[in-house]
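What follows is calculated from the coordinates using simple rules that are stated; it is not laboratory data. Values in this document were obtained by computation on a predicted structure and should not be read as measured data. All Cβ positions, even for glycine, are placed from backbone atoms using ideal geometry, and neighbour counts span all protein chains on display.
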Amino acid sequence: MTGTPTVVDIWPVLLPVIIGGTFGLLGGLINPLLSHYFGGRRARKDRRIQQFEAMINGVYEYDEWLEKFRRANVFSEAIEPGPSPMNKINAIALLHFRQLLLPVQHLNRHGLAYQKWIGGAGVERAQGGSGREGFTEAARAWIRAQDEFLDIATKYWTDRNGVV
């Protein structure tokens, strides 16, 4: 029976099929795992960038909120400032950017000092006063604190080349 292949004769044909099948199977198993791993890393980076942007936007929203708060309390305008955006800023810094937590707290202290002045000015104005005394100092301190925080946040961003 010269036509019947032996085990030694089949290996040269069978070995490339086994190796190719093994590579195909491993590629089919490993590729989704690698895609999931690297895709998850990219999603986390994108999420941190979104959180950083939300924190910076919150600082500007807080500035607008303070202005509404001032107009409502000092000038008795019919404006409802709503909840303070500072809570959102604090939460983002606490959960995502611990390095910026102290600058956020510094910003918060100056915002609270400005709110305190606003409350006092509202009382003074309600009692017949002008409600303007101390405005320049209070407003400048708030603006300076806001500028300092934005400078720190910008440095944080640029030091990391936008990879926060």
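For the reader, a short list of remarks on this structure follows.
- SER130 versus HIS36: modelled label distance in nm, points set 7 Å from Cα along the beta carbon direction: 6.9 nm
- Taking the chain and dividing mean pair separation by its residue count, relative contact order in percent (alpha carbons under 8 Å, at least six apart): 21 percent
- The alpha-carbon of LYS68 sits under 17 angstrom from the alpha-carbons of these lysines, leaving out residues fewer than 8 places away in its chain: LYS116.
- Within the straight-line cut-off of under 15 Å between alpha carbons, the aspartates and glutamates reachable from LYS45 are GLU53, sequence neighbours fewer than 8 places apart in one chain being disregarded.
- Under a model in which nothing but the beta-carbon of Lys, Arg (+1) and Asp, Glu (-1) is charged, segment 47-159 shows a dipole of about 260 debye around its Cα centre.
- Summarising the amide proton neighbourhood of GLY131: residues at separation of 5 or more, or on other chains, whose placed amide H is nearer than 5 Å comprise ARG125.
- The angle between the Cα long axis of helix 86-96 and the longest principal axis of the Cα atoms of the chain comes to about 30 degrees, rounded to the nearest 10.
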